[in-house]
Structures are given as C-alpha cells and as structure tokens.
1. Given H placed on each backbone N at 1.01 Å, which residues far from TRP74 in sequence or on other chains put an amide H within less than 5 Å of it?
2. If contacts are Cα pairs under 8 angstrom and at least 6 residues apart, what is the relative contact order of the chain in percent?
3. For LEU44, which sequence-distant residues (separation of 5 or more, or a different chain) have an amide H within less than 5 Å of its own amide H, given hydrogens modelled in the peptide plane?
4. Work out how much length LYS2 to THR37 would gain on full extension: take 0.36 nm times their residue separation and subtract the Cα-Cα distance, in nm to one decimal.
5. Can you work out the accessible area per residue across region 1-66, with the rest of the protein chains kept in place, probe 1.4 Å, in square angstrom?
6. Give the calculated FRET efficiency between ASN59 and CYS9 to the nearest 0.05, with a Förster radius of 35 Å applied to their Cβ-Cβ distance.
7. Express the carbon and sulfur contribution to the solvent-accessible surface of the chain as a percent, rounded to the nearest whole number, probe 1.4 angstrom.
8. Ratio of alpha-carbon Rg to the 2.2 N^0.38 Å globular estimate for the chain, to two decimals, please.
Amino acid sequence: QKLTGPPRCVDALGLLYTGELGSASYDETIRIWDTNTGECKQVLEGHTGAARSLALLRNDHLASASFDNRIRVWR
C-alpha cells in the first residue's frame, strides 16, 4: 500500500495497537495512517521542529520527540 502525505522526509514509523501506522516527519507533524486503505486519518500538530521519533506507550498513547527539544504525548 502506498501512503502519501507529508511533503518532507519521514524520519520514524511505528505500528499502533489499533493496527494503524504512525509517522514522524520533518514537516513537524505526526500522522496516523490506515494501513488497509493508505489514507491519512489524522494529522497531529504541535511540534515547532522536525518530529524525529515515535514511541508507543502502554496506555495506547503515542509519544513523539522533536528538534524543538520537546517530547509530546498524544492521547
């Protein structure tokens, strides 16, 4: 399945517990993808620097780290 979305480099991917795919991108966003359709289901905005990594948390939340020197937890 081809996923198209962020206009810049994707730096990290993570498979969520829901079966969706999370991506961290240089466009400062975290995107949630439907792995069956390839559709971007959600764009999470809030970083002010390139999003560089993702981590899945036990409570089904997603954490991301960025060049803005912040870690964000997405619920």
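1. LEU62, ALA63, SER64
2. Computed over the chain, the figure is 24 percent.
3. Sorted by chain and number, the residues that satisfy this are ILE30, ARG31, ILE32.
4. 11.7 nm is the gain from fully extending LYS2 to THR37.
5. 58 Å²
6. Efficiency at R0 = 35 Å is approximately 0.75.
7. 46 percent
8. Taking the Cα Rg and dividing by 2.2 N^0.38 Å, one obtains 1.00.
The values are calculated or read from the model by the stated rules, or taken from the named source; none is laboratory data. Just so you know, these numbers come straight off a predicted model, no measurement behind them. Virtual Cβ from ideal backbone geometry, glycine too; neighbours counted across all protein chains shown. Ligands, DNA and RNA are stripped out before the accessible areas are found, and what is left, the full protein with its side chains, is counted by its heavy atoms. Shrake-Rupley method; radii C 1.70, N 1.55, O 1.52, S 1.80 Å.
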